[in-house]
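Enquirer: Quick one: structure below, then a few questions.
The values are calculated or read from the model by the stated rules, or taken from the named source; none is laboratory data. What you see is a predicted model, and the numbers here were worked out from it, not measured in a lab. When we count neighbours, we look across all protein chains shown, and the Cβ atoms used for this are built from the backbone with ideal geometry, even at glycine. Side chains included, ligands, DNA and RNA excluded: accessible areas come from the protein's heavy atoms. Shrake-Rupley method; radii C 1.70, N 1.55, O 1.52, S 1.80 Å.
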Amino acid sequence: MEGLLIGGRFVAGEGEAETLVNPKTGAAMETISSASTAQVDDAVAAARTAFESWGRTTPGERSALLLKLADAVEADAPALAALEARNTGKPLHAMLGDEMPAVADVFRFFAGAVRTMPGLAAGEYLAGYTSMLRRDPVGVVGSIAPWNYPLMMAAWKLAPALAGGNTVVIKPSENTPLSLLELASHIAAIFPPGVVNVVLGRGGVVGQHMIEHPGIDMVSLTGDVGTGRKVLAAAAGSLKRTHLELGGKAPVIVFDDADLESVVEGLRAFSFYNAGQDCTAACRIYAGAHIYDKLVADLATAASSLRFGLADDAQNEIPPLISARQQARVAGFVERAATLSHINIVSGEKPGTEGFYYQPTIVAGALQQDEIVQREVFGPVVSVTRFSEVDEAVRWANDSPYGLASSVWSKDVGRAMATASRLRYGCTWINCHFMLVSEMPHGGLKSSGYGKDLSMLSLEDYTVARHVMVRLG
């Protein structure tokens, strides 16, 4: 199979070659050619042609094909998981047990959701005229998926866009294209030519050409804030619709009465899942004054027990970081924090092993103004800050440019609910963290962007509301 899917055919990329690197070893794996700008034009043209018929299909027809794709994902799960594990360094069992079922479920959810979209009742709101509200597709969607969850984020973008009747040109990260290319083989066999097109290449070249392209009606991006600003600037010229998920710095408020064992168990899993390369990672902890010392000690012990870099991949719990650049970036945050006299670093270094691993790290004693508290690290690094009063914890939690995810831990559910209502985040979990379901929306406030992934709200984002009025008689 060649590297690009354009108009239902697989073709070789005519742009620059990209060398994929194995994060576990740092060694080159294979080379894949990027799309040329002319090939991006071809992909957009194919999507526009396909939209003329795909946009007029019934919800039932689109649903049937999405269900076929979900079945294909399940049947091909071992191959899809193996490709992404090789490309990202993730433990294979995590891919098979956690992520592959979620990918299939997203396609199934939107297959059902599109057949049950609610709408306002038609009626005569002006005498002699009947009004109705339509939900119609936006058109051609240009989607840019990130490297931390290549297949899952692609599914989050493809499923609502296709369910809504749009056609898509999607670009994976140049670092992690393998699992999406495998999924493309199933898409090509199931969907009409041009409904989904896959192009490869760097964001500054291929991605930039996509977001500036006059044939693209909407841009959907999961990435960092800087990239989001570039998308907005480029889209402004043609007033494209944009859908942006731009990272996070999730605060975790732990009250003194919280079940410490449950807190530590949850943070061991969801501060460090995917080596902290997750925009919802529980990375900014505010602990009550009485629970603080015990929480730091127990969490440090739990973090040090995480297994990685073992020859038996079935024993590994977290992957390496995606690249040497990311490894150096994470290390830089910890090294700068270590220069502060009030900081106590628990672990925190590049382990003596090949690849881009970084040890799970607790940065205790962090203050609200510290860089490690304010900026997104995107690695297995957690800061812990002591608080005295709930107002202080809420103020600090909200003192962030990000607004994606948060959690509150307390045996007093009433207090936890009251605290959650004051947090400026798209999602707040209580006595848990990181739990996602297809039925509920995922998306942020402030610099974390806007628009929702998952749920019926995502389907609304990928469609436009149109008023049609009929004169009676």
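Enquirer: Among residues belonging to segment 382-410 that are free of Cβ contacts under 8 Å to residues at least 60 places away in the same chain and in a loop (DSSP other than H, G, I, E, B), point out the one that is most open to solvent (accessible area, probe 1.4 Å).
Expert: E389
Enquirer: Yes or no: segment 60-73 includes at least one residue that is among the aliphatic types (A, V, I, L, M), in contact (Cβ under 8 Å) with a residue 24 or more places away in the chain, out of contact with any helix residue (DSSP H, G or I) (no Cβ under 7 Å at 6 or more places or on another chain) and over 19 Å from D313 (Cβ atoms).
Expert: For segment 60-73, residues among the aliphatic types (A, V, I, L, M), in contact (Cβ under 8 Å) with a residue 24 or more places away in the chain, out of contact with any helix residue (DSSP H, G or I) (no Cβ under 7 Å at 6 or more places or on another chain) and over 19 Å from D313 (Cβ atoms): present.
Enquirer: For segment 13-27, what are the residues that are open to solvent by less than 50 Å² (accessible area, probe 1.4 Å), in a loop (DSSP other than H, G, I, E, B) and under 24 Å from A188 (Cβ atoms)?
Expert: Across segment 13-27, the qualifying residues are G13, G15.
Enquirer: With the structure loaded, tell me whether A300 is within 21 Å of I345 (Cβ to Cβ) and in contact (Cβ under 8 Å) with a residue 24 or more places away in the chain or whether it fails that test.
Expert: yes
Enquirer: Tell me, which residue of segment 226-267 that is under 23 Å from T419 (Cβ atoms) and free of Cβ contacts under 8 Å to residues at least 40 places away in the same chain is surrounded by the fewest Cβ atoms within 10 Å (Cβ to Cβ)?
Expert: Across segment 226-267, the extreme among qualifying residues is E261.
Enquirer: Give me the pairs, please: first residue somewhere in segment 28-52 and crowded, with 22+ Cβ neighbours inside 10 Å, second residue anywhere and among the hydroxyl-bearing types (S, T, Y) and at pLDDT 95 or above, beta-carbon distance under 6 Å, and either six or more positions apart or on two chains.
Expert: Between residues of segment 28-52 that are crowded, with 22+ Cβ neighbours inside 10 Å and residues that are among the hydroxyl-bearing types (S, T, Y) and at pLDDT 95 or above, the close pairs are A47/T167; A50/T167; F51/T167.
Enquirer: Which strands (runs of 3 or more DSSP E) does segment 271-381 wholly contain that include 3 or more residues that are under 28 Å from G226 (Cβ atoms) and among the hydrophobic types (A, V, I, L, M, F, W, C)?
Expert: 282-288
Enquirer: Within segment 84-100, count every residue that is open to solvent by 40 Å² or more (accessible area, probe 1.4 Å) and touching a residue at least 12 places away in the same chain (Cβ under 8 Å).
Expert: 4
Enquirer: Can you tell me which residue among A50, A72, A46 is more than 20 Å from G204 (Cβ to Cβ), under 24 Å from the mean Cα position of the chain (by Cα) and assigned to a helix (DSSP H, G or I)?
Expert: A72
Enquirer: If you check A94 against the conditions, is it under 27 Å from V377 (Cα atoms) and either of a type in the set (F, W, Y) or assigned to a helix (DSSP H, G or I) (or both)?
Expert: yes
Enquirer: Among the residues that make up segment 431-441, is at least one of them touching a Pro at 6+ places or on another chain (Cβ under 9 Å) and either closer than 30 Å to E124 by Cα or surrounded by fewer than 20 Cβ atoms within 10 Å (Cβ to Cβ) (or both)?
Expert: Checked segment 431-441: no residue is touching a Pro at 6+ places or on another chain (Cβ under 9 Å) and either closer than 30 Å to E124 by Cα or surrounded by fewer than 20 Cβ atoms within 10 Å (Cβ to Cβ) (or both).
Enquirer: For segment 247-261, does any single residue satisfy the condition of being in a loop (DSSP other than H, G, I, E, B) and modelled with pLDDT under 95?
Expert: yes
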